[in-house]
1. Please indicate, with yes or no, whether at least one residue in the range 56-66 is exposed (fewer than 12 other Cβ atoms within 10 Å of the Cβ) and either touching a Pro at 6+ places or on another chain (Cβ under 6 Å) or under 23 Å from Val19 (Cβ atoms) (or both).
2. Scan Val93, Val74 and give me the residue that is of a type in the set (A, V, I, L, M, F, W, C), assigned to a helix (DSSP H, G or I), in contact (Cβ under 8 Å) with a residue 24 or more places away in the chain and over 10 Å from Ile26 (Cα atoms).
3. Can you name every residue in the range 1-30 that is modelled with pLDDT of 95 or more and exposed (fewer than 11 other Cβ atoms within 10 Å of the Cβ)?
4. Restricting attention to the range 18-57, which residues are closer than 12 Å to Ile78 by Cα, among the hydrophobic types (A, V, I, L, M, F, W, C) and either assigned to a loop (DSSP other than H, G, I, E, B) or more than 10 Å from the chain's Cα centre (by Cα) (or both)?
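The values are calculated or read from the model by the stated rules, or taken from the named source; none is laboratory data. On a predicted model such as this, the values are computed, not experimentally measured, just so you know. Cβ atoms come from the backbone with ideal geometry, glycine included; neighbour counts cover every protein chain shown.
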Amino acid sequence: MKETFQISFICVGLAITFVVQAFVLIRVRAGAASRVAEGLGKLGGCKMACLVTGRYDIIALLEAPDLKSLAETVVSKIHTIEGVERTETAIVV
């Protein structure tokens with residue numbers, strides 16, 4: 001079985017800048033999904049936030065320059081949005 005992987009990067013002029021991408025699965029308090037998704041849209045690095053059905057209420061795609069910045073976004077920004085109860089982060093490999 002052949003393994004494949006994805007490397008994400010952004011070209012800025014002649015320099016290549018690598019980014020870390022992650023999907024953040026978010027569970028929110030009842031009735032708060034739209035408000036939380038709106039808050040996610042205001043965060044730098046949040047490329048997409050979708051309301052979904054199932055175990056989680058929102059799945060967000062984040063991009064950050066490194067793992068430390070990604071962790072800071074999740075812990076210091078997403079966790080402080082009113083209505084967020086729990087998150088699970090899946091880093092793109």
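1. Yes, the range 56-66 contains a residue that is exposed (fewer than 12 other Cβ atoms within 10 Å of the Cβ) and either touching a Pro at 6+ places or on another chain (Cβ under 6 Å) or under 23 Å from Val19 (Cβ atoms) (or both).
2. None of the others qualify; the one that does is Val74.
3. Selection gives Ala30 alone.
4. If the condition is that a residue be closer than 12 Å to Ile78 by Cα, among the hydrophobic types (A, V, I, L, M, F, W, C) and either assigned to a loop (DSSP other than H, G, I, E, B) or more than 10 Å from the chain's Cα centre (by Cα) (or both), then Val28, Val36, Ala37, Leu43 are the ones that fit.
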